[in-house]
Amino acid sequence: MELSSPITALNGVGAKRAALYAKLGIATVGDLLEHYPRRYIDLTGTMSIADASSERPCAVRATVTAKSPVKLVRRGLTVAKVRATDMQQDLLITFFNAKYTVDSLETGKEYIFFGDFVRRIGGGEMSSPTVISAEERGFIPQYPLTEGLSSKMITAQIKTAITECIDSVQETMSTDLLKKYSLCSKKEALCSIHFPKDEKSLEAAKRRIVFEELFDFSLAMSITKGKTRSTDGKVFKAVSTKPFESSLGFELTGAQKRVIAECQKDMSTTIPMNRLIQGDVGSGKTAVAAACMYVAAKNGFQSAIMAPTEVLAAQHEATLKKMLSPFGIKVGLLTGSMKQKEKNAVKAAVKSGEIDVLAGTHAIIQDDVEFAQLGLIVTDEQHRFGVRQRLALSQKGGAPHTIVMSATPIPRTLAFVLYGDLDISVLDEMPKNRLEVKTYLVGQDMEERVFAFVRKFAHRGLQSYIVCPLVENEEDGLSLEAATDLAKRIAEKELLGCRIGVLHGRMRPAEKERVMREFAENKIQVLVSTTVIEVGVDVPNAVCMVVENAERFGLSQLHQLRGRVGRGSEQSYCVLIAGKANAETKRRLEVVAKTTDGFKVAEEDLKLRGPGDFFGFRQSGVPMLKMADMMSDIALLESAKNAAAELIESDPLLERPENASLALRLNKLLSETAL
């Protein structure tokens with residue numbers, strides 16, 4: 001049996017079980033071996049009922065003394081009670097929908113019960129623990145699952161796979177590399193990650209696998225960077241941006257001037273610029289992009305800016321028109337919801353060169369959009385686009401210069417993972433006239449007072465946002481008030497007499513545009529919205545942001561929402577209303593309340609949620625790290641980057657025989673992730 005053999009080659013895996021494995025991304029025997037445990041039950045630390053703790057999952061040894069019959073409580077739910085003892089104290093165990101497990105337990109026999117423990121007088125209770133044979137020793141792997149697969153099934157099949165395939169596992173790192181970074185072999189790592197003999201062998205396996213993931217990624221990024229910079233770019237002559245800066249009506253910050261200079265330097269060479277501009281909300285990324293578009297136009301080149309939503313694309317068009325039209329630079333807009341006649345007119349103007357700057361959504365990467373002389377591409381909120389989309393746009397101009405902008409502050413380690421093929425500029429200075437948004441965390445019982453606060457602003461002619469996490473009730477099984485229901489309630493009660501609008505993702509694009517336009521024109525005083533307003537919408541008259549059920553949002557997302565206010569001269573406020581929030585949730589939300597530094601918020605968000613879920617979804621085009629953690633593995637990341645750099649320097653195309661299997665693995669990684 002080979003690693004490339006289909007999963008059905010293993011005994012016990014038929015078409016039905018293969019379909020379940022497919023849900024976990026497992027198609028081959030090799031995929032199964034790389035399906036790593038998410039945790040382990042440490043049976044070296046089994047304990048008595050008296051020693052069990054309510055603070056963490058415990059492995060308790062106890063003998064079953066009695067079982068109640070399995071009862072059907074309601075359709076789809078059965079319950080059974082099992083009593084056990086360790087001869088000192090008693091344990092009451094409740095099993096839900098676990099008839100097979102309960103039936104398999106024998107009265108008078110000792111087992112290990114692993115799960116959350118609750119202390120009670122004379123003993124304790126557990127709910128649906130994992131049941132393990134008392135003879136088991138060492139570490140029991142627990143795998144990511146899907147309904148229909150258990151850790152026991154996966155463990156049994158991995159044992160078979162290791163027995164039959166371990167000899168076909170090829171080492172992908174040189175002996176020198178293994179020795180230099182104190183890494184165990186690939187075979188040893190795979191055996192020990194699934195069935196560790198002890199803690200030392202487990203740590204060695206983890207170290208090898210984490211290093212390899214980061215090493216592969218560093219190599220992939222280096223190769224991608226080389227590909228994107230292999231074509232001769234358009235050389236822009238140096239242009240003074242002083243006329244542009246003088247026309248803005250405000251002074252650029254030192255950081256903005258520095259980043260514009262960095263971009264001008266990049267655009268003056270034959271290597272196409274590939275630069276990420278990241279900065280906190282309101283740090284002035286659009287003005288920097290506009291300055292670069294000014295330089296492009298003065299050099300006879302067109303620019304394009306791609307935004308993730310039509311609302312944001314339209315706003316970019318309006319902002320850029322204001323900044324660039326005084327210099328005769330024509331700005332156009334292209335979105336999917338435009339009428340065909342309008343689209344055709346815009347496309348013709350872009351093709352003829354009449355439009356100098358085109359703002360739009362992904363509609364601008366369609367095959368029939370042709371540029372006369374595309375020299376600069378800007379993508380806004382880059383993490384919302386897959387890498388393929390960025391490349392599709394860049395291919396329209398024959399290696400144009402590229403800027404990607406992100407208002408989500410990203411710690412440098414994660415920025416490397418997400419944007420390893422880009423140079424990074426940071427706008428770390430806010431405009432002098434910006435007042436810090438005051439942020440408060442309150443409970444649901446304060447909601448009426450919060451709405452009274454909003455009403456005062458409305459009476460002064462100022463505007464507010466109220467953001468809800470859901471559009472419909474009962475979503476995800478939670479009965480949270482929806483945006484539409486909340487708007488109706490407050491219009492009839494707390495904010496009676498105020499002009500209230502509703503905005504959510506399921507509205508038609510034209511309807512969204514209308515609502516946002518009315519809000520921008522102050523025809524709507526209070527906008528009740530979902531997170532569709534998270535990115536980019538600029539209404540200087542909006543001074544209050546209220547977030548309902550704030551515990552349902554990520555910290556970086558809350559920081560983005562807060563950035564929608566504080567854009568004018570008035571003091572602005574952000575009120576986070578927490579619904580059911582435990583101590584840990586409150587501590588998390590207080591991070592946002594205590595700091596307006598987006599990088600600090602992002603660091604905390606990363607620690608709590610990990611890089612995969614950092615933006616609220618899985619990044620398209622970024623390979624998932626199965627075991628590496630970008631916060632705790634920073635030292636290994638640096639080592640892996642150095643090792644990758646050394647290898648690329650000595651063998652840029654990985655053509656040496658000893659790098660053949662590594663090259664194959666990298667090709668697979670690159671094809672799967674669109675890097």
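Summary of values
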read-out	value
Those residues of the range 113-136 which are touching a residue at least 12 places away in the same chain (Cβ under 8 Å) and either over 16 Å from R56 (Cβ atoms) or open to solvent by 80 Å² or more (accessible area, probe 1.4 Å) (or both), in sequence order	D116, R119, R120, G122, G123, S128, V131, I132, S133, A134, E136
Residue match in the range 59-79 (condition: closer than 23 Å to T101 by Cβ, in contact (Cβ under 8 Å) with a residue 60 or more places away in the chain and in contact with a Gly (Cβ under 9 Å, 6 or more places away or on another chain))	yes
Residue within the range 197-207 that is touching a Ser or Thr at 6+ places or on another chain (Cβ under 9 Å), open to solvent by 30 Å² or more (accessible area, probe 1.4 Å) and small (G, A, S) present	yes
Residues that are within 20 Å of T163 (Cα to Cα) and either in contact with a strand residue (DSSP E or B) (Cβ under 7 Å, 6 or more places away or on another chain) or aliphatic (A, V, I, L, M) (or both), drawn from the range 19-49	I26, A27, T28, V29, L32, L33, P37
Identity of the residue in the range 495-516, surrounded by 14 or more Cβ atoms within 10 Å (Cβ to Cβ), farther than 22 Å from K456 by Cα and basic (K, R), that ends up nearest to the chain's Cα centre (by Cα)	K512
The listed residue being surrounded by fewer than 20 Cβ atoms within 10 Å (Cβ to Cβ) and within 21 Å of A452 (Cα to Cα), out of Q571, Q525	Q571
Looking only at the range 532-556, and only at residues there that are among the β-branched types (V, I, T) and modelled with pLDDT of 90 or more, the one that is nearest to F451 (Cα to Cα)	V546
Count of residues meeting criterion [touching an Asp or Glu at 6+ places or on another chain (Cβ under 8 Å) and surrounded by fewer than 18 Cβ atoms within 10 Å (Cβ to Cβ)] in the range 137-148	1
Given (1) open to solvent by less than 20 Å² (accessible area, probe 1.4 Å); (2) of a type in the set (A, V, I, L, M, F, W, C); (3) touching a residue at least 40 places away in the same chain (Cβ under 8 Å), index of the condition A287 fails	(3)
Exclusive hit being modelled with pLDDT of 95 or more, β-branched (V, I, T) and surrounded by fewer than 15 Cβ atoms within 10 Å (Cβ to Cβ), set T85, T44, T94, T65	T65
Only listed residue being modelled with pLDDT under 95 and closer than 18 Å to V29 by Cβ, chosen from S168, S174	S168
Residue, most open to solvent (accessible area, probe 1.4 Å), within the range 234-268, restricted to residues that are within 27 Å of A372 (Cα to Cα) and aliphatic (A, V, I, L, M)	A238
Residue tally, condition out of contact with any Asp or Glu (no Cβ under 8 Å at 6 or more places or on another chain) and either aliphatic (A, V, I, L, M) or in contact (Cβ under 8 Å) with a residue 40 or more places away in the chain (or both), over the range 455-465	6
Pairs where the first residue, in the range 147-169, is closer than 19 Å to R38 by Cβ and aliphatic (A, V, I, L, M) and the second is open to solvent by less than 20 Å² (accessible area, probe 1.4 Å) and part of a loop (DSSP other than H, G, I, E, B), C-beta under 6 Å, 6+ apart	I154/Y143
Test: residue in the range 225-232 that is touching a strand residue (DSSP E or B) at 6+ places or on another chain (Cβ under 8 Å), farther than 30 Å from I41 by Cα and in a helix (DSSP H, G or I)	yes
Given (1) modelled with pLDDT under 95; (2) open to solvent by less than 10 Å² (accessible area, probe 1.4 Å); (3) hydrophobic (A, V, I, L, M, F, W, C), number of the condition C292 does not satisfy	(1)
Of the criteria (1) of a type in the set (G, A, S); (2) under 26 Å from P141 (Cβ atoms); (3) without any contact (Cβ under 8 Å) to a residue 24 or more places away in the chain, which one S54 fails	(3)
First in the range 554-583 and within 28 Å of K432 (Cβ to Cβ), second anywhere and open to solvent by 10 Å² or more (accessible area, probe 1.4 Å) and among the basic types (K, R), Cβ under 6 Å, 6 or more apart	Y573/K438
Failed item in (1) under 27 Å from T44 (Cα atoms); (2) of a type outside the set (A, V, I, L, M); (3) open to solvent by less than 40 Å² (accessible area, probe 1.4 Å), with T78 passing the rest	(1)
Qualifying residue in the range 251-267 (condition: of a type in the set (A, V, I, L, M, F, W, C), assigned to a loop (DSSP other than H, G, I, E, B) and farther than 25 Å from D423 by Cα)	no
All positions within the range 352-365 that are part of a helix (DSSP H, G or I) and at pLDDT below 95	H362, A363, I364, I365
Where a residue in the range 8-27 is without any contact (Cβ under 8 Å) to a residue 24 or more places away in the chain and its partner, wherever it lies, is outside any helix (DSSP H, G or I) and open to solvent by less than 60 Å² (accessible area, probe 1.4 Å), with Cβ under 7 Å and at least six apart	T8/G14; I26/H35
Of all residues making up the range 418-445, the number that are under 26 Å from F519 (Cα atoms) and assigned to a helix (DSSP H, G or I)	0
Odd one out for I271 among (1) surrounded by fewer than 20 Cβ atoms within 10 Å (Cβ to Cβ); (2) modelled with pLDDT of 95 or more; (3) among the aliphatic types (A, V, I, L, M)	(2)
Test: residue in the range 455-475 that is modelled with pLDDT of 90 or more, in contact with a strand residue (DSSP E or B) (Cβ under 7 Å, 6 or more places away or on another chain) and open to solvent by 20 Å² or more (accessible area, probe 1.4 Å)	no
Spans of helices (runs of 4 or more DSSP H) in the range 580-675 with at least 1 residues under 23 Å from M221 (Cβ atoms) and modelled with pLDDT under 75	598-609, 634-650, 660-673
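For (1) in a helix (DSSP H, G or I); (2) open to solvent by less than 40 Å² (accessible area, probe 1.4 Å); (3) among the hydroxyl-bearing types (S, T, Y), each residue gets a yes or a no:
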site: L312; (1), (2), (3): yes, yes, no
site: L320; (1), (2), (3): yes, yes, no
site: I329; (1), (2), (3): no, yes, no
site: E342; (1), (2), (3): yes, no, no
site: A348; (1), (2), (3): yes, no, no
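The values are calculated or read from the model by the stated rules, or taken from the named source; none is laboratory data. Quick caveat: nothing in here was measured; it's all calculated off a predicted structure. Ideal geometry is used to build each Cβ from the backbone, glycine not excepted, and the neighbour counts take in all protein chains shown. When the accessible area is computed, the model is the full protein with side chains, heavy atoms only, and any ligands, DNA or RNA have been set aside. Shrake-Rupley method; radii C 1.70, N 1.55, O 1.52, S 1.80 Å.
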